[in-house]
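Single-structure report; data block below.
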Amino acid sequence: MTEISERYARHADALAATIAAVPEDRWSAASPCAGWTARDVVDHLVEVHGMFLGLVGRRPGPGPADPTGAFAHVRAIVQADLEDPERADAAYAGMFGTTTFARSVDGFVTLDLIVHRWDLGTAAGLDVEIPADEIDGILALVEQMPPQVREAGTVFGPALTPPEGADDQTRVLATIGRKGW
């Protein structure tokens with residue numbers, strides 16, 4: 001396993017555990033993502049996995065319809081591709097220039113796993129924390145993203161001002177447009 005595949009696996013494990021913990025009656029609960037339910041958050045994550053596989057000419061194919069099975073399906077494919085050096089190093093022309101599948105997964109998909117795990121947990125009434133060792137990396141990635149990702153609301157909302165003395169998680173959530181207080 002590479003550092004990227006290990007990091008992806010760690011966060012995919014955490015998300016899978018959160019998905020499994022969502023009470024059945026909370027799948028239609030509103031999430032911190034405007035207009036999305038808890039189920040929509042998982043559907044989005046499944047779609048993002050498929051989108052990034054598509055950037056290098058691969059498709060996940062149909063998977064189970066339930067959130068647990070759907071995520072497990074795409075996760076297994078991405079994990080296998082990250083562990084296959086040829087597939088992990090598949091290059092494509094991306095938004096920021098030529099990159100590889102593995103770098104894209106590490107720079108965006110894993111970020112999505114971390115942030116949307118918090119969104120899902122919040123919608124489900126679960127206590128989910130963003131790992132402290134990921135805070136600086138998330139802030140660095142957000143700073144590299146062009147302003148269009150906020151303006152169009154496609155990735156993050158406008159930054160919010162956290163309360164004075166806010167903890168690291170609250171500050172990072174505010175940076176990506178989430179009110180974590």
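The values are calculated or read from the model by the stated rules, or taken from the named source; none is laboratory data. Every value quoted in this text rests on a predicted model; they were computed, and no experiment measured them. Counting neighbours? That spans all protein chains shown, and the Cβs are built from the backbone with ideal geometry, glycine included.
Descriptive notes on the structure:
Residue by residue, here is whether (1) under 14 Å from the mean Cα position of the chain (by Cα); (2) on the phi > 0 side of the Ramachandran plot; (3) part of a loop (DSSP other than H, G, I, E, B) holds:
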position: 74; (1), (2), (3): yes, no, no
position: 87; (1), (2), (3): no, no, no
position: 120; (1), (2), (3): yes, no, no
position: 179; (1), (2), (3): no, no, yes
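- Within segment 99-110, residues that are over 15 Å from residue 51 (Cβ atoms) reach partners that are outside any strand (DSSP E or B) and among the small types (Gly, Ala, Ser) with beta carbons closer than 6 Å, at six or more positions or on different chains, in the pairs 102/88.
- Filtering 70, 16 for residues that are closer than 23 Å to residue 176 by Cα, in a helix (DSSP H, G or I) and modelled with pLDDT of 95 or more leaves a single hit, 16.
- For the condition in contact with a Phe, Trp or Tyr (Cβ under 9 Å, 6 or more places away or on another chain), in contact (Cβ under 8 Å) with a residue 12 or more places away in the chain and not assigned by TED's automatic domain parsing to the domain that holds residue 156, residue 60 does not qualify.
- Scanning segment 68-87 turns up no residue that is touching a Cys at 6+ places or on another chain (Cβ under 8 Å), of a type in the set (D, E, K, R), buried (at least 20 other Cβ atoms within 10 Å of the Cβ) and not assigned by TED's automatic domain parsing to the domain that holds residue 146.
- Residue 112 passes every criterion in (1) in contact with a Lys or Arg (Cβ under 7 Å, 6 or more places away or on another chain); (2) under 21 Å from residue 77 (Cα atoms); (3) not β-branched (Val, Ile, Thr) apart from (1).
- Taken as a whole, segment 31-50 holds at least one residue that is surrounded by 15 or more Cβ atoms within 10 Å (Cβ to Cβ), hydroxyl-bearing (Ser, Thr, Tyr) and touching a residue at least 40 places away in the same chain (Cβ under 8 Å).
- Residue count for segment 118-160, restricted to those that are at pLDDT 95 or above and of a type in the set (Ser, Thr, Tyr): 1
- Qualifying position, being assigned to a helix (DSSP H, G or I), acidic (Asp, Glu) and within 20 Å of residue 59 (Cβ to Cβ), among 112, 106, 136: 112
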